[in-house]
Structures are given as C-alpha cells and as structure tokens.
1. Relative contact order for the chain using alpha-carbon pairs under 8 Å, separation at least 6, rounded to a whole percent?
2. If each DSSP helix of 4+ residues adds -39,500 (n - 2.57) and the sum is divided by the residues in the chain, what number results at 222 nm, nearest 500 deg cm²/dmol?
3. Please say if the stretch 1-141 is rounded, prolate or oblate, where rounded means a/c under 1.5 for a ≥ b ≥ c the square roots of the C-alpha gyration tensor eigenvalues, and otherwise the choice is prolate for a/b larger than b/c and oblate otherwise?
4. Ranked highest first by the average count of other Cβ atoms within 10 Å around their residues, in what order do 63-71, 159-167 fall?
5. Would you mind checking which residues have amide H under 5 Å from residue 271's amide H? H placed 1.01 Å from N; only 5 or more apart, or other chain.
6. From the backbone phi of the stretch 201-208, what are the Karplus-calculated ³J(HN,Hα) couplings (6.51 cos²θ - 1.76 cosθ + 1.60, θ = phi - 60°) in whole Hz, Gly and Pro given as x?
7. Mind ranking 122-128, 295-301, 188-194, 88-94 by how tightly packed they are, going by the mean number of other C-beta atoms within 10 angstrom, highest first?
8. Taking every DSSP beta bridge that has both residues in the chain, what percent is antiparallel when rounded to the nearest 5?
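The values are calculated or read from the model by the stated rules, or taken from the named source; none is laboratory data. It should be emphasised that the depicted structure is a prediction, and the values quoted were computed from it without experimental measurement. For neighbour counting, all protein chains shown are included, and Cβ atoms are generated from backbone atoms with ideal geometry for every residue, glycine included. Heads up: the accessible areas ignore ligands, DNA and RNA and are worked out on the full protein's heavy atoms, side chains in. Shrake-Rupley method; radii C 1.70, N 1.55, O 1.52, S 1.80 Å.
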Amino acid sequence: MTDRAGTHVVLLATGGTISSRALPAEGGAAVAADAGSQILDALDAPLAYPMRVIDVACEGSYLLTLHDMIAICAQIKIALADPTVRGVVVTHGTDTMEETAYLADLTHDDLSPVVFTGAQKSADAADPDGPANLAAAIAVAGSPDAAGLGALIVFAGEIFAARGVRKAHTFALDAFTNPDFGSAGVVTAVGDVVITGSKERMPPLPLPALPRDQALRVDVISAYPGADGVLLRASVAAGAGGIVLQATGSGNANPALCSAVAEAAAHGTVVVTSTRVSAGPVIPVYGAGGGRDLVAAGAIPSGLLRPSQSMILLSLLLLLGRDHDDIAQAFAVHGAAPAPDKTYDSLYVHSTRKAHS
C-alpha cells in the first residue's frame, strides 16, 4: 500500500436507481438508463474534485451475479493502478450494494478509498436523492481523511464501512445501516467530511480472475418454523460448493436441518450459519437442533456477518480454493466484533470449542 496525492476521482457507473427512468418501452417501469456522464451532469453544485467517468454496466443491481461483482472489483483495481487517482466512486443499485461493496472491501489493497453510492428515487423523480448522494460520495473519495478506510457506502449524508452494512428500508432515503459496526462518519450539509470510525483494516484477500464460466454455486437457504432438509439437500444435489443457512436467533435450526447439514458436510459442501436477526453475533449456544448441534454437524458460524455478506465471503474463499478449516478461520476473523469489544470473541471461541467437544 502506497500513499497517493492524486489529482482526480474516478466514477465507475454500473446502473441502479440513480440511473433509472420510467420508460414507455418498459410499460412505465423504471429501468437503468443513464450513463455515468448523465449522472454526473445532474449535480447542481461544483464538484469537489476533478472527475473521470467510466461506464462499467447499466442495470439494476438485482440482476448482478457474483461474476458481475468480480468484474466491478476488477475495474476498481484498474482505476487505482493509476497514481493520479485519489479515490473511486461506484454508482450502484441499492438492492445488492452491500454484497459488491463487501467484495470490494475484502479485496481492497490500496490506501485510496472506494465509495459506493446510489439512490432511492429514480433520476426522473421530481426531487431525486441521487445527486446529493453522489456529491457526498465524491467528497469522501477525495478526502485525505478517508484514506485507509477501504470500501465504504455513503448514503443520505452518512458514511458506513462495507463490513456489516445492510439495506434496512425498501424506500426510505436513509436506506442503510450498520448496527454491529456503527457509522464511519458523516458528510455535513456543506460537504465537509467528518470521519469517526476506526481505520483498523484486515489483510486483503486476492481478487480471483473472472472465471470462464459461472460454475461455482453458493446458495442461501432459510430456516423457518417446520423447515426440513429438502431444500438444503436439493442445493447439494445441484452442485453447491457452499451453503449459507439463514438461521433463527443466535444461529439455530432444528434436528432435521442439522441432519441435512451433516450430510452436506460429508459430501464436501461447506455450510455457514448466519441469522435472520438484524444485529448481534451468531454463537453456538443451544442444543436440540440449535447452534451447537449445527457446529457439531460441520457448520461454520458467521459471527457478525449476515447472510448477504456471508455468501460473498464464502464464495470468494471457495473461488480461492480454501478448505473447510481455512474458511472457518476466515469467518472467525472477518465476523469478529470490532476492537476493543472482545466479549463476543471470547464467548464465540468458548462456545465453538464446547460444540466440537
């Protein structure tokens, strides 16, 4: 990692609501339509930094695949290879912004920040929120104070670290939250960047080359009252290399799902247990089909990572050829509570050891 003065910020446009318009050809449905230059032209205030625009894609983020997200991250690395670039802004749909931003953060090996933003109102709305979000993201991407923070999401004036962030409302303008890791700062009404979060970073993981095909399958399967192992077994039969189980509570299921997890593990499919609960860690505490039995069956607790980002980390590790033990160690690190709060970490280690004993 090297320090960079940089002269300009790069905008990578990928589509999303910030670029969407209601089109007659689509029956009035909103679809991504505007190029990056059009998004930038919508700003009604002077730019904080000179900009260079690169159009990477133009589609709603609900259409993106892991292959597409790797391609976006590859473009980030290409942009940052230019020493005159002081930061990167990625305009992106909000539906899967938490996934792409987290992949970018996991593989980010540069001091220059990468800032994701978008909109909740389309570009042709009477009062679109995209221009203000973009202006704030540009200010953060160019700010010296944001150097070393990795990948960020800037939305409605708030700055979030990518790890742990999630979309919390379907239409509210303050769409994102990060309940376990908190806010990384704010952008004031006059465009000042105030960083309050820690700059503690984890060693980056390699970004794999774009696969020739999309053979890797990682499924997300929910535990719910009365759930059996049919869907989990179907995932294994379909060739899944990994499965994220969206469990209940602190990472619980039932005996039928535990049996299916054990079969999946014996087959070589890596199962990670996350939770549908919005905050708090996944810790193996309960028996009778609960979290301790899931760990005994071979599942890996996700810590503080929710299903969306657990899927990204698991997919990346599988693409890198990591085995079950390496993946378990990675989740113990990436899903750990932020320092100096080690209460959860010690409880996690103690409970996991008991579950395996």
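1. Relative contact order for the chain comes out at 13 percent.
2. -9000 deg cm²/dmol
3. It is oblate, given that a/c is not under 1.5 and a/b is not larger than b/c.
4. The peptides rank, most packed first, as 159-167, 63-71.
5. 243, 300
6. 10, 8, x, x, 9, x, 8, x
7. Top of the packing list down: 88-94, 295-301, 122-128, 188-194.
8. Taking every DSSP beta bridge within the chain, about 35 percent pair in antiparallel fashion.
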